[in-house]
1. Under a crude label model (7 Å from the Cα following the beta-carbon direction), how far is Y132 from K227 in nanometres?
2. Please give the FRET efficiency for S180 paired with L11, using the beta carbon to beta carbon distance and R0 = 41 Å, rounded to the nearest 0.05.
3. What percentage of the solvent-accessible surface of the range 1-75, computed with a 1.4 Å probe over protein heavy atoms, is contributed by carbon and sulfur atoms?
4. With a 1.4 Å probe and all protein chains kept in place, how do V159, V201 rank by accessible area, largest first?
5. What pairs in K111/K214; K71/K229; K176/K206 have C-alpha atoms more than 30 Å from each other?
6. Counting only protein chains, not ligands or nucleic acids, how are S228, S164, S200 ordered by accessible area (probe 1.4 Å), most first?
7. Heavy-atom accessible area of I23 with all protein chains present, probe 1.4 Å, nearest 10 Å²?
8. Quick one: 3J(HN,Hα) in Hz for the range 203-218, Karplus 6.51/-1.76/1.60 with θ = phi - 60°, rounded, Gly and Pro as x.
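The values are calculated or read from the model by the stated rules, or taken from the named source; none is laboratory data. Only a predicted model underlies this, so the values are computations on that prediction, with no experimental measurement involved. Cβ coordinates were reconstructed from backbone atoms using ideal geometry, including for glycine residues, and neighbour counts include every protein chain displayed. Calculation scope for accessible area: heavy atoms of the full protein, side chains included, ligands and nucleic acids excluded. Shrake-Rupley method; radii C 1.70, N 1.55, O 1.52, S 1.80 Å.
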Amino acid sequence: MNCIILDDEPLATRILEDYCKEISYLNVVGVFNNPIEAIKAIETQTIDLVFLDIHMPFINGTDLLRSLNVKPLIIFTTAFTDYALEGYELNVIDYLLKPIPFERMIKACNKALKQYQLLASHTNSKLGYNDYIFVNADYKSIKVNIKDIIYIEGLKDYVKIYTSEPRPILTIMRLKNLESILPSDHFLRVHRSFLINFNSVDFIKKGRIAIGDKEIPIGEMYAETVKSKIESRNF
């Protein structure tokens, strides 16, 4: 995994860099004490994992994470416990408190590696309808059977995955990214904020799709695609 370290404390970056050199699957491609330079690297290079300090000049780590258009896996590194809940809400891989013991670092990196491998395997292979995906939620990787997904709602940097369970799964991911890994013969983008499993549709009328008690609008730019899919009976 290509990783970068962002921390305004030279000693902290040196320790993290030394740790990373001892972990065979990590490749440190940048060490930064300037958040702006780190953001540029994340946006222009292939960065899989970021070790991100929270307290920094000009912008803190949580605000920086929210500002990113491209979101790699994140491990927070901080001397403060105050942001643990916020880290949980942002679905970071782990939250490491300084001084960081090496064994704790390895545990966090192993969690990141597992998630990286899961994302890579689902992105690079065509999923069958009986397959599943893993998503990060509630500080764990949750297995979601694709056939159980009813519809998905996009909320900027998050998505809500609705299944037969009463509570939707909220995970940090863009709807476009999730759309790219779900089988297109069953899932259809019908609105900028909605991706549906067409097998769950009850009826379609007047620019809306009914799925159970939920009525989902058909966006103007998606109307022709929805119509052609229905007419060609691709679902």
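1. Here the answer is 4.1 nm between the modelled labels.
2. Efficiency at R0 = 41 Å is approximately 0.50.
3. That fraction is 50 percent.
4. Output order, biggest surface exposure first: V201, V159.
5. Violating the 30 Å limit, Cα to Cα: K111/K214; K71/K229.
6. S164, S228, S200
7. Spelled out: I23, probe radius 1.4 Å, area about 10 Å².
8. For the range 203-218, the Karplus-derived couplings read 6, 10, 7, 6, x, 9, 10, 9, 10, x, 8, 9, 10, 10, x, 9 Hz, x marking Gly and Pro.
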